[in-house]
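The values are calculated or read from the model by the stated rules, or taken from the named source; none is laboratory data. Because the structure is predicted, anything quoted here is derived from the model rather than measured. With ideal geometry, Cβ positions are generated from the backbone for all residues, glycine too; neighbour counts draw on all protein chains shown.
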Amino acid sequence: MTTTTSADLLRRYGRVAGFMYLFVMASFLAGFGILSRFFVRGDLAATAKNIAASEWLYRLGLSGLLIASLTTILLAGAFYVLLEPVNRQLALFALLWRVGESVLGGVAVFFLFMSVIIHTGAASAFGPGQQQALARLISHGYVVGFTISLVYFSAGSLLFFYLLLRSAFIPRILSAFGVLASAHVTIVGFANLIVPSRAAGLSFGWEWAPMFVAEIAAGLWLLVAGPNLARWEGRQNSGG
């Protein structure tokens, strides 16, 4: 990073990364918030009735989740450009893990789109018992797919926050918190896979709060203040 042009490029992509952090988060939470109105835990009949009563709104919620998965690639690409000068190899691994998260997240949403066929009565060729079994299978497929996507997400997020910590583009305490929050998601994700009975499914509790705080804070900092290039430039110029 020795020219004004490259510094301007990093500032631009840093702000893009900050905006995309907030956009992806908003899209996911909006979609999740809509879907939470439909699901009645342990009562497939009530869930199906809610979906059939307002199918378009349910599909809108699913589209919010899909948009979040799609735009994760833009988020990861912006972070790769910002952090590639810090460590190209680690930035590339982080990019690939976040792209993997995006693909897996899209596949997980596919399962929920498939569930619309059952919940709205379009799968009438199956008996009531078969429909319920199929609905449970599809729901389980979503939970597993989403949980695996979280593991990919946490791996990529951990590396991105680690590179932010090394570069000091954002306050180090915020980067360190992001590293810890990402590691926490990794532990929670594997715990949900190993002990399925504790999987949160479509509900989120305090265990996800650190990651939400880290991403929102980092996103706002990058968007408003931009990446702090001064310290990194000084290290580069001194050969550090």
Discussion item. Against the definition (under 14 Å from the mean Cα position of the chain (by Cα) and at pLDDT 95 or above), how does ALA218 come out, yes or no?
Written reply: no
Worksheet item: From the list GLY156, GLY141, GLY178, which residue is crowded, with 16+ Cβ neighbours inside 10 Å, part of a helix (DSSP H, G or I), at pLDDT below 90 and not acidic (Asp, Glu)?
Response: GLY141
Worksheet item: Of all the helices (runs of 4 or more DSSP H) wholly in the stretch 1-103, which have at least 1 residues that are under 15 Å from the mean Cα position of the chain (by Cα) and among the aromatic types (Phe, Trp, Tyr)?
Response: 4-35, 55-83
Practice prompt. Please identify the pairs in which a residue from the stretch 164-180 that is touching a residue at least 12 places away in the same chain (Cβ under 8 Å) has its Cβ atom under 9 Å from the Cβ atom of a residue that is small (Gly, Ala, Ser) and part of a loop (DSSP other than H, G, I, E, B), counting only partners at least 6 apart or on another chain.
Written response: PHE169/GLY226; ILE170/ALA225; SER175/ALA168
Worksheet item: When GLY42 is evaluated against the numbered criteria (1) within 21 Å of PHE160 (Cα to Cα); (2) at pLDDT below 95; (3) surrounded by fewer than 18 Cβ atoms within 10 Å (Cβ to Cβ), which criterion, by number, is the only one it fails?
Response: (1)
Worksheet item: Just for the stretch 182-196: of the residues that are closer than 14 Å to GLY141 by Cα and more than 17 Å from the chain's Cα centre (by Cα), which one is modelled with the highest pLDDT?
Response: LEU193
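Residue-wise test of (1) farther than 21 Å from LEU95 by Cα; (2) surrounded by fewer than 18 Cβ atoms within 10 Å (Cβ to Cβ); (3) touching an Asp or Glu at 6+ places or on another chain (Cβ under 9 Å).
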site	(1), (2), (3)
MET20	no, no, no
GLY31	yes, no, no
LEU35	yes, no, no
ALA46	yes, yes, no
GLU55	yes, yes, no
LEU62	yes, no, no
LEU70	no, yes, no
ALA76	no, no, yes
Discussion item. Can you confirm whether PHE110 is free of Cβ contacts under 8 Å to residues at least 12 places away in the same chain and either within 17 Å of the chain's Cα centre (by Cα) or buried (at least 21 other Cβ atoms within 10 Å of the Cβ) (or both)?
Written reply: yes
